[in-house]
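First comes the structure, then the notes that go with it.
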Amino acid sequence: MSQPTSIADRSGAEDHIASVPPEMHGWRLDQAAARLFPSFSRARLQAWIDEGRLRCNGAPVARRRDAVAEGDTLELRPVEAPDTRVRPQALDFDVLHEDEDLAIVNKPPGLTVHPGAGAADGTLQNALLHRFPKTDRVPRAGIVHRLDKDTSGLLVVALSVAAHTQLVRMLQAREIRREYDAVVSGRVTAGSTVEAPIGRDPQHRTRMAVVHDGRDSVTHFRVEKRFAAHTWLRVRLETGRTHQIRVHMKHLNHPIVGDSTYGGRQIRGPGLAPAVREALARFPRQALHARLLHLRHPLSGADIEVETPLPPDMATLVSVLAAESPDRGD
């Protein structure tokens with residue numbers, strides 16, 4: 001089978017060109033395109049065919065079911081229309097890895113990932129469009145997964161359409177390792193795995209909950225350090241449901257410190273030292289930090305692992321808890 005080639009024009013857009021081999025003679029256009037241009041999902045290719053972005057022997061085609069013939073030349077221009085509703089903004093965030101196709105960024109707490117109700121701008125998506133202008137041609141400026149506004153840490157961002165397609169597939173196939181630091185209420189006795197389905201909370205529609213008809217959700221965790229009435233956990237996601245770690249920790253009756261939505265604002269323990277009570281009362285968010293990402297590069301196959309330490313607010317909280325624990329955090 002012939003390998004597709006890429007030719008960039010002056011705007012930086014690329015045409016992908018491939019010739020139909022003998023074994024594909026008579027195939028549907030969308031089937032042949034999916035095999036010849038494997039960097040893109042079949043659903044995306046079908047959408048581009050519908051939009052007239054695929055040409056056969058120089059002429060645009062708009063019907064997925066049309067048959068191709070041996071020797072036909074297919075030319076694909078996989079260009080996403082820029083989303084002019086989201087404007088670039090210069091906002092502060094760190095880039096810990098960058099190449100032609102992806103970046104790994106460290107999101108500070110308090111930064112919403114993408115625009116929504118009540119957050120038209122000032123989001124990570126706005127910031128990505130400013131820092132990486134070419135992401136105006138990638139869905140959601142390359143965002144393929146998200147962190148809650150008050151969760152800090154690492155996100156992988158696609159800088160090309162091809163990388164976006166593969167990263168979405170890798171997330172669905174659970175091929176990206178994501179680890180978190182979490183400080184939870186109560187002393188957790190040992191590491192474990194939570195397998196409990198998550199869905200919309202029937203009593204509070206803005207929240208998620210463990211429900212019998214929810215989506216399969218798996219969270220692994222181990223104890224990093226115990227304090228007098230709290231525990232620092234290392235958490236690994238196997239699935240990636242909305243609020244998954246926060247919901248699973250609440251389900252175990254160990255809500256994340258500072259999590260007002262899922263019960264973590266309670267200051268537990270009658271014997272807590274005054275310094276601990278003050279630190280807990282002042283902590284402004286859920287104590288959750290995406291500390292590590294490990295993946296194979298979606299195009300080159302190279303191993304990428306990025307780790308970032310606790311942000312200052314969580315590091316201070318952990319220090320106070322350790323200093324005031326009678327057993328010094330076993």
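If you check ASP150 against the conditions, is it over 28 Å from LEU299 (Cβ atoms) and either of a type in the set (Val, Ile, Thr) or out of contact with any helix residue (DSSP H, G or I) (no Cβ under 7 Å at 6 or more places or on another chain) (or both)?
yes
Would you mind telling me which numbered condition in (1) in contact with a Pro (Cβ under 6 Å, 6 or more places away or on another chain); (2) in the same structural domain as ARG207 (by TED's automatic domain parsing); (3) surrounded by fewer than 22 Cβ atoms within 10 Å (Cβ to Cβ); (4) not hydrophobic (A, V, I, L, M, F, W, C) ASP150 fails?
Exception for ASP150: condition (2).
Pull up segment 103-134, narrow it to residues that are over 12 Å from LYS149 (Cα atoms), in contact with a His (Cβ under 9 Å, 6 or more places away or on another chain) and polar (S, T, N, Q), then point me to the one that is surrounded by the fewest Cβ atoms within 10 Å (Cβ to Cβ).
Only one residue fits best here, namely ASN126.
Residue by residue through segment 16-46, note down the ones that are of a type in the set (Phe, Trp, Tyr) and at pLDDT below 90.
Within segment 16-46, the first condition is being of a type in the set (Phe, Trp, Tyr), and the residues that meet it are 27, 37, 40.
Selection gives PHE37, PHE40.
Being among the aliphatic types (A, V, I, L, M) and either at positive phi or touching a Ser or Thr at 6+ places or on another chain (Cβ under 7 Å) (or both) is the filter here, so list the residues in segment 278-330 that pass it.
LEU288, ALA290
Does at least one position in segment 223-234 carry a residue that is farther than 22 Å from PRO312 by Cα and either small (Gly, Ala, Ser) or outside the structural domain of PRO109 (by TED's automatic domain parsing) (or both)?
For segment 223-234, residues farther than 22 Å from PRO312 by Cα and either small (Gly, Ala, Ser) or outside the structural domain of PRO109 (by TED's automatic domain parsing) (or both): absent.
Of all residues in segment 284-313, count the ones that are surrounded by 14 or more Cβ atoms within 10 Å (Cβ to Cβ) and modelled with pLDDT under 95.
2
Can you say whether LEU96 is touching a residue at least 40 places away in the same chain (Cβ under 8 Å), touching a strand residue (DSSP E or B) at 6+ places or on another chain (Cβ under 9 Å), under 30 Å from TRP27 (Cβ atoms) and in a strand (DSSP E or B), as far as the supplied structure shows?
Here the answer is no, as LEU96 does not meet what is asked.
Which ones in segment 271-305 are in a loop (DSSP other than H, G, I, E, B) and within 30 Å of HIS204 (Cα to Cα)?
Correct list: PHE283, PRO284, ARG285, GLN286, ALA287.
Here are some conditions: (1) part of a loop (DSSP other than H, G, I, E, B); (2) surrounded by fewer than 17 Cβ atoms within 10 Å (Cβ to Cβ); (3) touching a residue at least 60 places away in the same chain (Cβ under 8 Å). GLY264 meets all but one. Which one does it not meet?
(2)
Which of the residues spanning segment 137-147 are modelled with pLDDT under 90 and either in the same structural domain as HIS289 (by TED's automatic domain parsing) or more than 18 Å from THR242 (Cβ to Cβ) (or both)?
ARG137, VAL138, PRO139
Counting only residues that are surrounded by fewer than 17 Cβ atoms within 10 Å (Cβ to Cβ) and out of contact with any Phe, Trp or Tyr (no Cβ under 6 Å at 6 or more places or on another chain), give me the strands (runs of 3 or more DSSP E) lying completely in segment 157-218 with at least 2 of them.
The strands (runs of 3 or more DSSP E) meeting that bar are 192-195.
Going by the structure shown, is ALA182 small (Gly, Ala, Ser) and either more than 18 Å from PRO255 (Cβ to Cβ) or under 10 Å from the mean Cα position of the chain (by Cα) (or both)?
So ALA182 does not fit the description; no.
The values are calculated or read from the model by the stated rules, or taken from the named source; none is laboratory data. Just so it is clear, the model here is predicted, and its values are computed rather than measured. Here the Cβ is made from the backbone with ideal geometry for all residues, glycine too, and neighbour counts use every protein chain on show.
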